[in-house]
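Report on the following structure.
The values are calculated or read from the model by the stated rules, or taken from the named source; none is laboratory data. These numbers come from a predicted model, not from an experiment. Cβ placement follows ideal geometry from the backbone for every residue including glycine, while neighbour counts extend to all protein chains displayed. Just so you know, the surface numbers come from the protein's heavy atoms only, side chains and all, with ligands and any DNA or RNA stripped out. Shrake-Rupley method; radii C 1.70, N 1.55, O 1.52, S 1.80 Å.
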Amino acid sequence: MVLGEGISFAAKSGRMCGDAIMRIWKEKGKVTEVDLKEEEEEDGKKMKSKPSSSPLPLPLPLPLPLSNDGSVIGWFFTNQSTPLRLLTYLGLGFISTPLLRMGKKRKHAEAAEAPKKDDLAPPRPKRTLTGRKDGEPEKPSDSSTHTVFRNKEKVLITCSRRINYRYRHLMLNVVSLLPHCKKDSKVESKESKGSTLNELIELRNCSSCLFFECRKQKDLYLWMVKSPSGPSVKFLVNAVHTMDELKLTGNHLKGSRPLLTFSTNFDKEPHWKLVKEMITQIFATPKDHRKSKPFHDHVFVFSILDDHVWFRNYQISVPHNETDKVDRGGLDKMTLVEVGPRFCLNPIKIFGGSFGGPTLYENPFYVSPNQIRALEKRKKAGKYVKKVKAKTRRKMHEMSNTLEPDEFADLWKE
(Lines give C-alpha, C1' and ligand atoms only; values in the text may rest on other atoms or scores of the structure.)
Protein backbone atom coordinates (compact mmCIF):
# COMPACT_ATOMS: atom_id res chain seq x y z
CA MET A 1 0.00 0.00 0.00
CA VAL A 2 1.49 3.34 -1.01
CA LEU A 3 0.94 6.58 0.88
CA GLY A 4 -1.41 8.17 -1.64
CA GLU A 5 -3.62 5.10 -1.98
CA GLY A 6 -3.93 4.75 1.82
CA ILE A 7 -5.00 8.40 2.25
CA SER A 8 -7.61 8.21 -0.52
CA PHE A 9 -8.92 4.90 0.88
CA ALA A 10 -9.23 6.44 4.34
CA ALA A 11 -11.07 9.44 2.93
CA LYS A 12 -13.78 7.27 1.30
CA SER A 13 -15.01 5.55 4.41
CA GLY A 14 -13.75 5.83 7.97
CA ARG A 15 -15.48 2.62 9.04
CA MET A 16 -14.10 0.61 6.13
CA CYS A 17 -10.63 1.94 6.85
CA GLY A 18 -10.95 0.92 10.49
CA ASP A 19 -12.02 -2.61 9.53
CA ALA A 20 -9.13 -2.86 7.07
CA ILE A 21 -6.65 -1.79 9.71
CA MET A 22 -8.02 -4.32 12.21
CA ARG A 23 -7.79 -7.09 9.61
CA ILE A 24 -4.18 -6.22 8.83
CA TRP A 25 -3.22 -6.26 12.50
CA LYS A 26 -4.99 -9.63 13.09
CA GLU A 27 -3.11 -11.22 10.19
CA LYS A 28 0.21 -10.01 11.60
CA GLY A 29 -0.74 -11.19 15.08
CA LYS A 30 -0.21 -7.84 16.68
CA VAL A 31 -3.82 -7.53 17.93
CA THR A 32 -6.01 -10.36 19.20
CA GLU A 33 -9.74 -10.53 19.77
CA VAL A 34 -9.15 -10.95 23.50
CA ASP A 35 -7.36 -7.60 23.68
CA LEU A 36 -10.17 -5.87 21.82
CA LYS A 37 -12.83 -7.38 24.11
CA GLU A 38 -10.95 -6.26 27.22
CA GLU A 39 -10.66 -2.72 25.91
CA GLU A 40 -14.38 -2.62 25.04
CA GLU A 41 -15.32 -3.87 28.53
CA GLU A 42 -13.16 -1.16 30.17
CA ASP A 43 -14.73 1.55 28.00
CA GLY A 44 -18.22 0.22 28.83
CA LYS A 45 -17.58 0.34 32.57
CA LYS A 46 -16.38 3.95 32.31
CA MET A 47 -19.44 4.91 30.30
CA LYS A 48 -21.79 3.31 32.90
CA SER A 49 -20.10 5.25 35.73
CA LYS A 50 -20.96 8.52 33.94
CA PRO A 51 -24.57 8.22 32.75
CA SER A 52 -25.95 10.92 30.55
CA SER A 53 -29.53 11.77 29.65
CA SER A 54 -28.84 12.21 25.95
CA PRO A 55 -28.15 9.13 23.80
CA LEU A 56 -24.54 8.65 22.87
CA PRO A 57 -23.60 8.88 19.22
CA LEU A 58 -22.02 5.90 17.57
CA PRO A 59 -18.21 5.85 17.66
CA LEU A 60 -16.60 6.81 14.41
CA PRO A 61 -13.25 5.19 13.62
CA LEU A 62 -10.78 7.64 12.09
CA PRO A 63 -7.45 6.57 10.63
CA LEU A 64 -4.11 8.17 11.36
CA PRO A 65 -1.72 8.99 8.48
CA LEU A 66 0.34 6.20 7.02
CA SER A 67 4.10 5.96 7.28
CA ASN A 68 6.51 6.18 4.37
CA ASP A 69 6.60 2.41 3.95
CA GLY A 70 2.82 2.17 3.70
CA SER A 71 2.05 0.88 7.18
CA VAL A 72 -0.63 2.46 9.33
CA ILE A 73 0.66 4.41 12.31
CA GLY A 74 -2.54 4.25 14.41
CA TRP A 75 -6.29 4.55 14.66
CA PHE A 76 -8.86 5.69 17.21
CA PHE A 77 -12.63 5.67 17.88
CA THR A 78 -14.06 8.97 19.00
CA ASN A 79 -17.30 10.72 19.83
CA GLN A 80 -18.34 13.57 22.11
CA SER A 81 -18.09 11.61 25.39
CA THR A 82 -15.93 8.51 24.91
CA PRO A 83 -12.23 8.52 25.84
CA LEU A 84 -9.61 8.52 23.13
CA ARG A 85 -7.36 5.46 22.94
CA LEU A 86 -4.50 5.82 20.54
CA LEU A 87 -2.93 2.69 19.19
CA THR A 88 0.42 3.11 17.53
CA TYR A 89 2.10 0.65 15.30
CA LEU A 90 5.82 1.27 14.75
CA GLY A 91 6.80 -2.08 13.29
CA LEU A 92 8.47 -3.25 16.52
CA GLY A 93 5.35 -4.00 18.43
CA PHE A 94 2.01 -2.75 19.74
CA ILE A 95 2.26 0.30 22.09
CA SER A 96 -0.75 1.57 23.97
CA THR A 97 -0.53 5.26 25.01
CA PRO A 98 -2.27 6.73 28.08
CA LEU A 99 -5.92 7.63 27.76
CA LEU A 100 -6.48 11.10 26.47
CA ARG A 101 -9.73 12.79 27.26
CA MET A 102 -11.30 14.66 24.41
CA GLY A 103 -14.18 16.71 25.78
CA LYS A 104 -16.47 19.05 24.11
CA LYS A 105 -14.96 21.88 22.16
CA ARG A 106 -14.61 24.76 24.53
CA LYS A 107 -16.48 27.84 23.65
CA HIS A 108 -14.61 31.09 23.53
CA ALA A 109 -14.55 32.86 26.86
CA GLU A 110 -17.33 35.29 26.94
CA ALA A 111 -16.27 38.85 26.97
CA ALA A 112 -16.21 40.37 30.39
CA GLU A 113 -19.38 42.15 31.09
CA ALA A 114 -19.04 45.92 30.87
CA PRO A 115 -19.25 47.46 34.32
CA LYS A 116 -22.37 49.32 35.07
CA LYS A 117 -22.39 53.07 35.13
CA ASP A 118 -23.23 53.04 38.81
CA ASP A 119 -20.09 51.02 39.61
CA LEU A 120 -17.73 53.44 37.82
CA ALA A 121 -16.00 56.13 39.86
CA PRO A 122 -16.83 59.67 38.84
CA PRO A 123 -14.21 61.27 36.53
CA ARG A 124 -11.58 63.37 38.22
CA PRO A 125 -12.30 67.07 37.69
CA LYS A 126 -9.65 69.22 36.05
CA ARG A 127 -7.63 71.77 37.94
CA THR A 128 -7.96 75.44 37.11
CA LEU A 129 -5.35 78.15 37.06
CA THR A 130 -6.33 79.28 40.54
CA GLY A 131 -5.65 75.84 41.96
CA ARG A 132 -9.34 74.95 42.57
CA LYS A 133 -11.12 72.19 40.70
CA ASP A 134 -14.10 72.69 38.41
CA GLY A 135 -17.31 72.24 40.31
CA GLU A 136 -15.63 72.47 43.69
CA PRO A 137 -17.38 75.00 45.90
CA GLU A 138 -15.26 77.96 46.84
CA LYS A 139 -14.35 78.26 50.46
CA PRO A 140 -15.95 81.19 52.24
CA SER A 141 -13.45 84.02 52.41
CA ASP A 142 -13.24 85.68 55.79
CA SER A 143 -12.07 89.23 55.98
CA SER A 144 -9.94 88.32 59.00
CA THR A 145 -7.91 85.64 57.17
CA HIS A 146 -5.30 86.81 54.66
CA THR A 147 -3.17 84.83 52.22
CA VAL A 148 0.23 84.02 53.66
CA PHE A 149 3.05 85.82 51.82
CA ARG A 150 5.83 83.55 50.63
CA ASN A 151 9.15 85.13 49.76
CA LYS A 152 10.40 83.75 46.43
CA GLU A 153 13.23 86.23 45.93
CA LYS A 154 15.95 85.09 43.49
CA VAL A 155 18.97 87.25 42.69
CA LEU A 156 21.00 87.09 39.49
CA ILE A 157 24.68 87.98 40.01
CA THR A 158 26.89 88.65 37.02
CA CYS A 159 29.69 90.95 35.90
CA SER A 160 31.01 92.68 32.80
CA ARG A 161 33.87 91.53 30.61
CA ARG A 162 37.47 92.57 31.30
CA ILE A 163 36.83 92.73 35.04
CA ASN A 164 39.78 92.97 37.42
CA TYR A 165 40.73 89.89 39.44
CA ARG A 166 40.12 91.62 42.81
CA TYR A 167 36.64 92.66 41.78
CA ARG A 168 35.91 89.17 40.43
CA HIS A 169 36.93 87.67 43.78
CA LEU A 170 34.62 90.15 45.51
CA MET A 171 31.74 89.01 43.30
CA LEU A 172 32.46 85.35 44.16
CA ASN A 173 32.48 86.21 47.85
CA VAL A 174 29.04 87.80 47.52
CA VAL A 175 27.82 84.69 45.67
CA SER A 176 28.99 82.47 48.53
CA LEU A 177 27.12 84.67 51.03
CA LEU A 178 23.78 84.53 49.18
CA PRO A 179 22.38 80.97 48.81
CA HIS A 180 19.34 82.26 46.88
CA CYS A 181 21.41 83.76 44.06
CA LYS A 182 22.14 82.51 40.54
CA LYS A 183 25.41 83.22 38.77
CA ASP A 184 25.55 83.80 35.03
CA SER A 185 28.23 84.39 32.40
CA LYS A 186 29.79 87.77 31.72
CA VAL A 187 27.92 90.47 29.85
CA GLU A 188 29.41 93.07 27.54
CA SER A 189 29.33 96.53 29.14
CA LYS A 190 27.59 98.60 26.47
CA GLU A 191 24.68 100.97 26.19
CA SER A 192 22.40 98.01 25.41
CA LYS A 193 23.38 96.06 28.52
CA GLY A 194 20.08 96.95 30.19
CA SER A 195 17.90 95.07 27.69
CA THR A 196 20.31 92.12 27.65
CA LEU A 197 20.33 91.83 31.43
CA ASN A 198 16.55 92.16 31.64
CA GLU A 199 16.22 89.21 29.25
CA LEU A 200 18.71 87.20 31.32
CA ILE A 201 16.80 87.96 34.51
CA GLU A 202 13.56 86.80 32.92
CA LEU A 203 15.13 83.64 31.50
CA ARG A 204 16.67 82.68 34.84
CA ASN A 205 13.36 83.34 36.63
CA CYS A 206 14.86 85.97 38.95
CA SER A 207 13.37 89.12 40.42
CA SER A 208 16.55 91.07 41.31
CA CYS A 209 20.03 91.55 39.94
CA LEU A 210 23.50 92.53 41.19
CA PHE A 211 25.62 93.59 38.22
CA PHE A 212 29.33 94.31 38.79
CA GLU A 213 30.44 96.64 36.00
CA CYS A 214 34.16 97.30 35.61
CA ARG A 215 35.46 100.19 33.51
CA LYS A 216 39.06 100.83 32.46
CA GLN A 217 40.02 97.86 34.70
CA LYS A 218 40.13 100.35 37.55
CA ASP A 219 36.64 101.48 38.51
CA LEU A 220 33.94 99.13 39.81
CA TYR A 221 30.24 100.06 39.66
CA LEU A 222 27.49 98.02 41.30
CA TRP A 223 23.93 97.97 39.98
CA MET A 224 21.14 96.92 42.37
CA VAL A 225 18.09 96.30 40.21
CA LYS A 226 14.54 95.12 40.74
CA SER A 227 13.28 93.63 37.50
CA PRO A 228 11.31 94.25 35.38
CA SER A 229 9.63 97.42 36.67
CA GLY A 230 12.48 98.83 38.76
CA PRO A 231 13.76 100.76 40.63
CA SER A 232 17.52 100.50 40.23
CA VAL A 233 20.43 102.04 42.12
CA LYS A 234 23.93 102.63 40.77
CA PHE A 235 26.86 102.64 43.24
CA LEU A 236 30.56 103.26 42.98
CA VAL A 237 32.45 100.57 44.93
CA ASN A 238 35.46 101.68 46.95
CA ALA A 239 37.71 100.20 49.63
CA VAL A 240 37.41 96.62 48.38
CA HIS A 241 38.92 93.86 50.54
CA THR A 242 38.15 90.21 49.75
CA MET A 243 38.08 87.26 52.16
CA ASP A 244 41.34 85.79 50.85
CA GLU A 245 43.04 89.14 51.20
CA LEU A 246 41.94 89.83 54.78
CA LYS A 247 42.55 86.36 56.26
CA LEU A 248 40.25 86.99 59.21
CA THR A 249 39.54 84.37 61.88
CA GLY A 250 35.74 84.49 61.59
CA ASN A 251 33.91 81.58 59.98
CA HIS A 252 30.22 80.79 59.67
CA LEU A 253 28.09 78.09 58.08
CA LYS A 254 27.73 78.40 54.33
CA GLY A 255 24.10 78.83 53.29
CA SER A 256 22.85 80.00 56.69
CA ARG A 257 20.45 82.92 56.86
CA PRO A 258 21.96 86.28 57.92
CA LEU A 259 20.64 88.95 60.24
CA LEU A 260 20.53 92.40 58.62
CA THR A 261 21.31 95.45 60.74
CA PHE A 262 21.13 99.08 59.59
CA SER A 263 22.25 102.28 61.19
CA THR A 264 19.69 104.88 62.20
CA ASN A 265 20.75 107.15 59.31
CA PHE A 266 18.73 105.06 56.85
CA ASP A 267 15.45 106.38 58.27
CA LYS A 268 16.25 110.09 57.97
CA GLU A 269 15.97 110.74 54.23
CA PRO A 270 13.68 109.15 51.62
CA HIS A 271 16.42 108.02 49.24
CA TRP A 272 18.15 106.17 52.10
CA LYS A 273 14.85 104.45 52.94
CA LEU A 274 14.62 103.24 49.35
CA VAL A 275 18.23 101.98 49.46
CA LYS A 276 17.49 100.17 52.73
CA GLU A 277 14.47 98.43 51.24
CA MET A 278 16.47 97.39 48.16
CA ILE A 279 19.27 95.96 50.31
CA THR A 280 16.78 94.13 52.53
CA GLN A 281 15.05 92.40 49.62
CA ILE A 282 18.28 91.41 47.86
CA PHE A 283 20.55 90.36 50.76
CA ALA A 284 17.90 88.72 52.99
CA THR A 285 17.72 84.95 52.34
CA PRO A 286 14.10 83.74 52.00
CA LYS A 287 12.78 81.44 54.70
CA ASP A 288 12.68 77.70 53.85
CA HIS A 289 14.77 78.20 50.73
CA ARG A 290 15.98 74.86 49.36
CA LYS A 291 19.66 75.90 49.44
CA SER A 292 19.54 77.71 52.78
CA LYS A 293 19.98 76.29 56.26
CA PRO A 294 17.68 77.20 59.15
CA PHE A 295 20.37 78.92 61.24
CA HIS A 296 21.26 82.52 62.05
CA ASP A 297 24.97 82.53 62.80
CA HIS A 298 26.20 85.71 61.09
CA VAL A 299 25.22 89.37 60.70
CA PHE A 300 25.35 91.75 57.73
CA VAL A 301 26.02 95.29 58.96
CA PHE A 302 25.14 98.28 56.75
CA SER A 303 26.07 101.69 58.13
CA ILE A 304 26.15 105.18 56.62
CA LEU A 305 29.24 107.32 57.11
CA ASP A 306 30.18 110.36 54.97
CA ASP A 307 27.26 109.62 52.63
CA HIS A 308 28.71 106.17 51.92
CA VAL A 309 27.27 102.73 52.77
CA TRP A 310 29.84 100.55 54.53
CA PHE A 311 29.39 96.78 54.54
CA ARG A 312 30.72 94.35 57.17
CA ASN A 313 30.06 90.65 57.80
CA TYR A 314 30.41 89.24 61.35
CA GLN A 315 30.08 85.76 62.78
CA ILE A 316 28.00 85.29 65.94
CA SER A 317 30.33 83.34 68.21
CA VAL A 318 28.73 81.43 71.09
CA PRO A 319 30.60 79.25 73.63
CA HIS A 320 29.91 75.55 73.08
CA ASN A 321 30.89 74.13 76.48
CA GLU A 322 28.24 72.15 78.30
CA THR A 323 28.66 74.23 81.45
CA ASP A 324 28.63 77.57 79.63
CA LYS A 325 25.36 77.28 77.75
CA VAL A 326 23.92 80.64 76.77
CA ASP A 327 20.43 81.42 78.04
CA ARG A 328 17.87 83.22 75.95
CA GLY A 329 18.76 86.87 75.89
CA GLY A 330 22.22 86.24 77.31
CA LEU A 331 24.06 88.48 74.84
CA ASP A 332 26.92 89.15 77.25
CA LYS A 333 28.56 85.85 76.38
CA MET A 334 28.10 86.25 72.61
CA THR A 335 30.86 87.84 70.58
CA LEU A 336 31.16 89.04 66.98
CA VAL A 337 34.11 87.92 64.85
CA GLU A 338 34.57 89.55 61.44
CA VAL A 339 34.51 87.25 58.43
CA GLY A 340 34.66 89.55 55.39
CA PRO A 341 34.54 90.81 52.72
CA ARG A 342 34.66 94.59 53.09
CA PHE A 343 33.50 97.21 50.63
CA CYS A 344 32.07 100.72 50.52
CA LEU A 345 29.15 101.84 48.31
CA ASN A 346 28.93 105.43 47.09
CA PRO A 347 25.43 106.07 45.63
CA ILE A 348 25.42 107.85 42.28
CA LYS A 349 21.85 107.80 40.95
CA ILE A 350 18.52 106.13 41.61
CA PHE A 351 16.45 105.34 38.52
CA GLY A 352 12.74 104.61 38.31
CA GLY A 353 13.09 101.68 35.86
CA SER A 354 15.30 98.64 35.44
CA PHE A 355 18.81 99.74 34.37
CA GLY A 356 17.48 103.16 33.45
CA GLY A 357 14.39 105.28 33.39
CA PRO A 358 13.57 108.58 35.08
CA THR A 359 16.12 109.79 37.63
CA LEU A 360 14.61 109.74 41.12
CA TYR A 361 17.73 110.89 42.98
CA GLU A 362 21.21 112.14 42.09
CA ASN A 363 24.02 112.48 44.58
CA PRO A 364 25.22 116.13 44.56
CA PHE A 365 28.49 115.20 46.33
CA TYR A 366 29.49 112.54 43.88
CA VAL A 367 32.76 113.00 42.00
CA SER A 368 33.62 110.54 39.28
CA PRO A 369 36.97 108.73 39.49
CA ASN A 370 37.94 110.21 36.11
CA GLN A 371 37.75 113.71 37.56
CA ILE A 372 39.78 112.65 40.57
CA ARG A 373 42.52 111.21 38.34
CA ALA A 374 42.48 114.38 36.20
CA LEU A 375 42.97 116.53 39.31
CA GLU A 376 45.87 114.35 40.41
CA LYS A 377 47.49 114.71 37.00
CA ARG A 378 47.05 118.46 37.16
CA LYS A 379 48.73 118.53 40.53
CA LYS A 380 51.67 116.57 39.16
CA ALA A 381 51.79 118.83 36.10
CA GLY A 382 51.82 121.90 38.42
CA LYS A 383 54.91 120.60 40.17
CA TYR A 384 56.79 120.44 36.85
CA VAL A 385 55.67 123.92 35.89
CA LYS A 386 56.91 125.18 39.22
CA LYS A 387 60.31 123.62 38.59
CA VAL A 388 60.59 125.25 35.13
CA LYS A 389 59.57 128.65 36.53
CA ALA A 390 62.10 128.31 39.32
CA LYS A 391 64.87 127.66 36.79
CA THR A 392 63.96 130.69 34.69
CA ARG A 393 63.79 132.89 37.78
CA ARG A 394 67.25 131.68 38.81
CA LYS A 395 68.71 132.55 35.43
CA MET A 396 67.12 135.98 35.43
CA HIS A 397 68.46 136.60 38.92
CA GLU A 398 71.98 135.59 37.91
CA MET A 399 71.87 137.84 34.85
CA SER A 400 70.67 140.84 36.85
CA ASN A 401 73.10 140.29 39.71
CA THR A 402 76.50 139.63 38.16
CA LEU A 403 79.44 138.90 40.49
CA GLU A 404 82.49 141.19 40.65
CA PRO A 405 85.85 139.68 39.46
CA ASP A 406 87.84 138.12 42.23
CA GLU A 407 91.42 139.36 42.57
CA PHE A 408 92.60 136.02 43.93
CA ALA A 409 91.07 133.95 41.15
CA ASP A 410 94.33 133.55 39.20
CA LEU A 411 96.58 133.13 42.18
CA TRP A 412 97.28 129.39 41.92
CA LYS A 413 97.37 129.13 38.14
CA GLU A 414 101.11 129.85 38.02
task = Sort 399-405, 337-343, 238-244 for me by packing, meaning the mean count of neighbouring Cβ atoms within 10 Å per residue, highest on top.
result = 337-343, 238-244, 399-405
remark   = Label model pair Ser185, Asn265: point-to-point distance (7 angstrom along the Cα→beta-carbon line) in nm is 4.1
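Could you list, in their original order, any pairs among Lys218/Lys268; Lys287/Lys349; Lys193/Lys218 whose Cα atoms are separated by more than 24 Å?
Values: Lys218/Lys268 33 Å; Lys287/Lys349 31 Å; Lys193/Lys218 20 Å.
Violating the 24 Å limit, Cα to Cα: Lys218/Lys268; Lys287/Lys349.
Need one number: % antiparallel among DSSP beta bridges in the stretch 142-262, to the nearest 5.
Working: 14 of 23 bridges.
Roughly 60 percent of the DSSP beta bridges within the stretch 142-262 come out antiparallel.
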key: Sulfur and carbon atoms: percent of accessible area, the stretch 360-414 [1.4 Å]   = 58
query = With the calculation restricted to Cα positions, what are the radius of gyration and Dmax of the stretch 239-359 in angstrom?
reply = 16.9, 60
request  = Could you size up the charge dipole of the stretch 326-414 around its Cα centre, putting +1 on the beta carbon of Lys and Arg and -1 on that of Asp and Glu, and report it in debye to the nearest 20?
outcome  = 520
query = Ignoring any ligand, DNA or RNA, what whole percent of the accessible area of the stretch 272-314 comes from carbon and sulfur when the probe is 1.4 angstrom?
reply = 55
task = Give the shape of the stretch 152-290 as rounded, prolate or oblate, defined through the alpha-carbon gyration tensor: a ≥ b ≥ c are the square roots of its eigenvalues, a/c under 1.5 means rounded, and otherwise the shape is prolate if a/b is larger than b/c and oblate if not.
result = rounded
message = Within the stretch 143-260, what whole-number % of the accessible surface is contributed by carbon and sulfur, with the 1.4 Å probe and all protein chains included in the calculation?
response = 49
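Please state the shape class of the stretch 211-310: rounded when a/c is under 1.5, otherwise prolate if a/b exceeds b/c and oblate if not, all from the C-alpha gyration tensor.
In terms of gyration-tensor shape, rounded.
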The stretch 143-207 - accessible surface per residue (Å², probe 1.4 Å) = 62
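Per-residue counts of other Cβ atoms within 10 Å, averaged by peptide: what ranking do you get for 368-376, 346-354, highest first? Present the calculation step by step, with values, prior to reporting the outcome.
Details: 368-376: 11.4, 346-354: 18.6.
Descending packing order for the listed peptides: 346-354, 368-376.
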